[in-house]
Amino acid sequence: MLDVGCGAGGASLFCARRGARIVFIDAVAEKVESLRARLAETPAREPQGHVCSSLPLPVASASISRVIAMEVLEHVPDPAALLAELQRVGQPGALYLLAVPDEQSELMQQGLAPEYYFREPNHIHIFGREAFARMVTDSGLEIVQRDAYGFFWTIWMLLYWTQARASGDELAGEAYDVVQPPYPPLLNDWASLWQRFISLPDAAPVKRALDQLLPKSQIIIARKSLESITR
């Protein structure tokens, strides 16, 4: 499994606990080293961590059966080039889990989020759903499934930025787009309300409808064709 833009390593750890061979990559050295230490405590086979910008990927062609790139493509100057690299390293038949922020969620944050949130090294691209799908197929991958999720997080982010502005907190100058605790009480209230709501017996269909209406992220599961010739 290859985890590009591994961050805190949730996807890598999930696969590592099942004994997968893990290759994980991030541009931030501290994240790679932290995940390396955590993977050492799992049954992962031959975990390999790399600090790089992902172009090119330090991975052999046609060597990976599962490729994960969650919330990465919006950060890189040339997302099509990164997708071409992801396609290159996948074995014929490899599966891909790809996610980017949803366009509507991003547009709603414009004007609320500080300037750094939409400049390098953060969100420098906003992808419409059809544009995202086209980019994936143009890379030579076949789309298996499309989905969206994260209504809770869209509202969470809007509340976070609004509360930060109202309280006069300094928002400029941050290096990365991950907001840090402690969070204001308003966010805890929203989390508590959401938890009570999704615990209701008939909440699941409503939650799914909200996730489709205003998701935080759009997801594509794709496959590399068995007949693919590695570029």
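Which residues among the stretch 78-100 fall inside the zone where the amide N is under 16 Å from a point 7 Å beyond the Cα of ALA60, along Cα→Cβ?
The answer is 88-92.
Along the stretch 117-125, what does the Karplus equation 6.51 cos²θ - 1.76 cosθ + 1.60 (θ = phi - 60°) give for ³J(HN,Hα), rounded to whole Hz, x for Gly and Pro?
So the Karplus estimates, Gly and Pro as x, are 5, 10, 9, 4, x, 9, 8, 9, 9 Hz.
Averaged over all directions, how much area does the convex hull of the C-alpha atoms of the stretch 1-156 cover when projected, in nm²?
For the Cα atoms of the stretch 1-156, the hull's average projected area reads 9.3 nm².
May I ask you to give the solvent-accessible area per residue for the stretch 32-125, in square angstrom, as obtained with a 1.4 angstrom probe? Don't skip to the end; give the middle numbers.
Details: 4080 Å² over 94 residues.
It amounts to 43 Å² per residue over the stretch 32-125.
Classify the stretch 106-156 from the C-alpha gyration tensor, please: rounded if a/c falls under 1.5, else prolate or oblate depending on whether a/b exceeds b/c. Intermediate values should be presented prior to the final figure.
Details: a/c = 3.14, a/b = 1.62, b/c = 1.93.
Taking the square roots of the gyration eigenvalues as a ≥ b ≥ c, the stretch 106-156 is oblate.
Once you keep just the Cα pairs under 8 angstrom separated by 6 or more residues, what percentage relative contact order results for the stretch 11-92? Kindly include the intermediate steps, with their values, before the conclusion.
On the way: 105 pairs, mean separation 23.2, N = 82.
Relative contact order of the stretch 11-92: 28 percent.
Once the piece of chain linking ALA204 and ARG45 is laid out straight, how much longer is it, given 0.36 nm per residue of separation minus the C-alpha distance between them?
Working: separation 159, 0.36 × 159 = 57.24 nm, distance 3.68 nm.
53.6 nm is the gain from fully extending ALA204 to ARG45.
Can you give the longest run of the chain that contains no GluC sites (Glu not before Pro) sitting in a DSSP loop with at most 13 other Cβ atoms inside 10 Å? Present the calculation step by step, with values, prior to reporting the outcome.
Working: sites that count: GLU41, GLU170, GLU227.
Longest gap between qualifying sites, sites excluded: 42-169.
Quick one: among ARG165, ARG196, ARG66, which has the greatest mean-square fluctuation in a GNM of the chain with alpha-carbon springs under 10 angstrom?
ARG196
Rounded, prolate or oblate, given the Cα gyration tensor of the stretch 37-84, with a/c below 1.5 counting as rounded? Could you put the intermediate results ahead of the total?
Values: a/c = 2.22, a/b = 1.73, b/c = 1.29.
Verdict is prolate for the stretch 37-84.
Just from its helices, what would the mean residue ellipticity at 222 nm be for the chain, if runs of 4 or more DSSP H residues each count -39500 (n - 2.57) and the sum is divided by every residue, rounded to the nearest 500 deg cm²/dmol?
Working: 8 runs with 88 residues, N = 231.
Taken over the chain, the calculation gives -11500 deg cm²/dmol.
For the chain, what does the relative contact order come out to in percent, with C-alpha contacts under 8 Å and a separation of six or more?
Numbers: 402 pairs, mean separation 51.3, N = 231.
About 22 percent, as a whole number.
From the square roots a ≥ b ≥ c of the eigenvalues of the alpha-carbon gyration tensor of the stretch 65-164, which class results: rounded (a/c under 1.5), prolate (a/b over b/c), or oblate? Let's see the in-between values first.
Working: a/c = 2.54, a/b = 1.93, b/c = 1.32.
Verdict is prolate for the stretch 65-164.
Mind checking the stretch 68-164 for trypsin sites (Lys or Arg not before Pro) that DSSP puts in a loop (not H, G, I, E or B) and that have at most 12 other Cβ atoms within 10 Å?
ARG119
The values are calculated or read from the model by the stated rules, or taken from the named source; none is laboratory data. Predicted model, so just to flag it, every value in this text is computed and none were measured. Heads up, the Cβs are rebuilt from the backbone with ideal geometry, glycines too, and the neighbour counts pull from every protein chain shown. Note: areas computed on protein heavy atoms with side chains; ligands, DNA, RNA excluded. Shrake-Rupley method; radii C 1.70, N 1.55, O 1.52, S 1.80 Å.
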